[in-house]
Amino acid sequence: MADTQSKELKVREKQEVTSPAEQTSPGLVFTPAVDIFETDKEITLLADMPGVKAGDLTIDLRDNTLTLSADIAPVENAEEDDILVEYETGRYYRQFTLGELINQENIDAQLNHGVLRLALPKVEKATPKKITVKTG
Amino acid sequence: MIYRRLFNVPTYTFRSPWEELDRMRRQLIHMFEDSSQQPLSAGVFPLMNLTEDKDNYYVRAELPGVIGEELNIQVTGRNLTISGERKIAVEEEGARYHRREREAGTFSRMIALPGEVDSNTVEASLENGILCIIVPKAEIAKPKQITVKS
């Protein structure tokens, strides 16, 4: 069966942000699930943000703090009546502190099928250089 | 559901004063879910929202990172079955993970629609990670406007 190849997905409720800061606009705010990994050259961040269009996403990096925030447009028409509501929709917000210096000019962000892929290249200085000691 | 019919709660307005009450009601239902035999939320991935208007049922689910070709959607009678797999690409070797919250795996879910449907013209779209299936109601399930003659 499929179990041997890949596990079955379990329901995970969307995590609501209690208070990222003072809210100035009404509505719910959720924390997107992320994967973060690092290679010698860059840090890559993947975030699940269903319903977000590229134009509604704001990525901000200053003072080693990376902020992701995104608005979503409502998908339902006004005439629709709810029958069953299992999940809520709302904005996304999440902040990260980066330990490494990031080359701000070469940051690359792509949004595909509701998943953000953010590549943060490290500044040249931070990439480990191997120094060989010569014997003379 | 009875609340909705009685008070006609507005459906998609962020500023609605009923929104918070509605959420509380759902949270209460969630709390009692464990003990009751028939929970409101099926607790099966993916979570779904079901809405209706005069002509159609709308089934929506959040499936970020899922491609349309990997989804299998079937309608049998008034039952809608959605199954598929969410894949997460393997990254290059030597990548050190700091966080791993996203999950990959298979899923399969059936949802029963509350009325008769016309299964010939079901439409499904997957946009920005949100699946939307539009299931037209069968003629007999559509509300008929009745005019009163004087």
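Key figures for this structure:
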item: Average projection area in nm² (convex hull over Cα atoms of segment B:72-150, one quarter of hull surface); result: 8.8 nm²
item: Spatially proximal aspartates and glutamates relative to A:Lys53 (Cα-Cα < 19 Å; intrachain offsets below 8 disregarded); result: A:Asp71, A:Glu76, A:Glu88, A:Asp108, B:Glu62, B:Glu127
item: Rounded, prolate or oblate (a/c below 1.5 giving rounded, otherwise prolate when a/b exceeds b/c) for segment A:59-136 by Cα gyration tensor; result: prolate
item: Alpha carbon centroid spacing (whole Å) that separates segment A:36-59 from segment B:71-150; result: 26 Å
item: Dipole magnitude of chain A about its Cα centre (Cβ charges: Lys, Arg +1; Asp, Glu -1), debye to nearest 20; result: 1220 debye
item: Reciprocal of mean inverse Cα separation for chain A (Kirkwood radius, Å); result: 17.8 Å
item: For segment B:20-142: rounded, prolate or oblate by the Cα gyration tensor [a/c cutoff 1.5]; result: oblate
item: In range of the label at A:Gln15: residues from segment B:64-107 whose backbone nitrogen is under 15 Å from the point 7 Å along Cα→Cβ; result: B:98-103
item: Table column - 3J(HN,Hα) (Hz), segment B:124-137, Karplus curve with 6.51, -1.76, 1.60, x for Gly and Pro; result: 9, 9, 10, 10, 6, x, 10, 8, 10, 10, 9, 10, x, 6
item: Selection from B:Ile88, B:Ile130, B:Met110, by position along the positive dipole direction of segment B:67-150 (Cβ); result: B:Met110
item: Chain A: most fluctuating residue of A:Asp48, A:Asp63, A:Asp108 per GNM, C-alpha cutoff 10 Å; result: A:Asp63
item: Positive-end residue, chain A charge dipole about Cα centroid, Cβ charges, pick of A:Ala109, A:Met49, A:Gly136; result: A:Gly136
item: Reciprocal mean inverse distance between Cα atoms of segment B:38-103 - Kirkwood radius, Å; result: 15.0 Å
item: Theoretical FRET efficiency, 1/(1+(r/R0)^6), r = Cβ-Cβ of A:Gln110 and B:Arg26, R0 30 Å, to 0.05; result: 0.30
item: Cα-based reach from B:Lys144 at 30 Å (exclusive), listing lysines while leaving out same-chain residues under 8 positions away; result: B:Lys54
item: Residues A:Glu124 and B:Ala124, FRET efficiency given R0 of 51 Å [Cβ-Cβ distance, rounded to 0.05]; result: 0.60
item: FRET efficiency, B:Val75 to A:Thr67 (Cβ-Cβ, R0 41 Å, nearest 0.05); result: 0.45
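Read the figures in this text as sums done on the coordinates, not as results from a lab. As the structure is a prediction and not an experimental result, all values here were calculated from the model. Every residue, glycine among them, receives a Cβ derived from its backbone with ideal geometry; neighbour counts consider all protein chains shown.
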